[in-house]
Amino acid sequence: MTDQQIRFDDGASYERMMGVWSGLAGDVFLDWLKPGVGLRWVDVGCGNGAFTEQVVNRFAPAEIHGVDPSEAQLNFARSRPGVRTALFHLGDAMALPFPSDRFDVAVMALVIFFVPNPAKGVAEMARVVRPGGEVAAYVWDIIGGKVPAAPIESEMRAMGLTPPRPPSFEASRIEALQELWSDAGFDAIETREIVVQRTFNDFDDFWATTLLVPSLGPTFAKMPPSDAEILKARVCARLPADAAGRITCEARANAVKGRMSMNQRQF
């Protein structure tokens, strides 16, 4: 979905790399969204179903549909025991395969900066949500340098390397999210920051896990071995371990929510 081919096609690798991070941020996001139980949901860019499973476990939706452009990710999602009630569809965030007014809640979890035209993706969520329904998203703060892979990305840049960014990384700014929701005509728009921490067993655990990020692994693999060792040493130096050797990292996401207007639609 990007001009630099950042793709998520391996559900198991994504689970190891992003599943824990997604769960941590997703819990805060859902506490803030405060939806009711028994609603009709659509999870746009559902990936391997990690966030979909959170919704199912916490809110017992009447129905929930996930949409993603990767069949491999969807196959992993369908294998999750906790999402047996969910239906998963191969599809595009900018052309959702549903009629208008179909859902009570539409969400994008860590997705909007991968959508080539974020405004069109938001308009599609607005289209498929009934008047009075909720539309919300959260996304890692790329501009603020607060993504889970920031320790490696920062040192890569210090060495003159440029890891790929998603095509719409500017949409990760909280001001951009506010503008997207305002332009779509939502009511009761709110934004917030979500700060989470994850602890790894040791530096090697952090390193192996974080290099599964599609924007990092290929870049690292192309580095000369001597430069690769320098990079690893630099990252290790900036991540002090505790007495047990554990590494704790912090990431920040920006979130937005709004209610579909009862009086008008803009899409």
**Prompt:** Average projected area of the Cα convex hull of segment 61-188, in nm²?
**Reply:** 9.1
**Prompt:** Where the eigenvalues come from the Cα gyration tensor of segment 124-206, what are the semi-axes √(5λ) of the equivalent ellipsoid, largest first, in whole Å?
**Reply:** 32, 16, 11
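At 222 nm, what helix-only mean residue ellipticity would the chain give, in deg cm²/dmol to the nearest 500, using -39500 (n - 2.57) for each DSSP H run of four or more?
Value at 222 nm, helices only, nearest 500: -10000 deg cm²/dmol.
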**Length gained when the stretch ASP204-ARG192 is fully extended (0.36 nm per residue, less Cα-Cα span)** = 1.1 nm
**Prompt:** Along each of its three principal axes, how wide is the spread of alpha-carbon positions in segment 1-144, in whole angstrom units, largest first?
**Reply:** 37, 32, 30
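So, counting K/R as plus one and D/E as minus one, what does the shell of residues with Cβ under 10 Å around MET159 add up to?
0
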**Request:** Between ALA62, ALA93, ALA243, find the one with the highest GNM mean-square fluctuation for the chain; connect C-alpha pairs within less than 10 Å.
**Result:** ALA243
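When Lys and Arg each count +1 and Asp and Glu each count -1, what net charge do the other residues less than 10 Å away from GLY38, Cβ to Cβ, add up to?
Residues near GLY38 contribute -1 overall.
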**Request:** Give the order of HIS65, HIS89 when sorted by the count of other beta carbons within 10 angstrom, beginning with the fewest.
**Result:** HIS89, HIS65
**Fill in**
The local net charge around THR191, scoring Lys/Arg +1 and Asp/Glu -1 for residues other than THR191 whose Cβ lies under 11 Å from its Cβ, equals -1
**Prompt:** Which of ALA208, ALA251, ALA119 moves the most in a Gaussian network model of the chain with Cα springs under 10 Å?
**Reply:** ALA208
**Prompt:** Considering only the chain, what is the antiparallel percent among its DSSP beta bridges, to the nearest 5?
**Reply:** 50
**Request:** Inverting the mean 1/r over all pairs of different Cα atoms, compute the Kirkwood radius of segment 111-267 and quote it in Å.
**Result:** 17.4
**Message:** On a full-extension model of 0.36 nm per residue, what is the gain between LEU87 and GLU250, subtracting their alpha-carbon distance, rounded to one decimal in nm?
**Reply:** 55.4 nm
**Request:** Could you tell me which of rounded, prolate or oblate describes segment 74-146, using a ≥ b ≥ c as the square roots of the eigenvalues of the alpha-carbon gyration tensor, with rounded for a/c under 1.5 and, failing that, prolate when a/b is larger than b/c and oblate otherwise?
**Result:** oblate
**Asked** Which lysines have a Cα less than 29 Å from the Cα of LYS257, not counting those fewer than 8 places away in the same chain?
**Response** LYS34, LYS120, LYS146
**Request:** Over all alpha-carbon pairs of the chain, lay out the pair-distance distribution in 5 Å bins, whole %, shortest bin first.
**Result:** 1, 6, 13, 17, 19, 17, 12, 7, 5, 2, 1, 0, 0
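Throughout, read-outs are computed from the coordinates displayed, never taken from laboratory work. As the structure is a prediction and not an experimental result, all values here were calculated from the model. Counting neighbours? That spans all protein chains shown, and the Cβs are built from the backbone with ideal geometry, glycine included.
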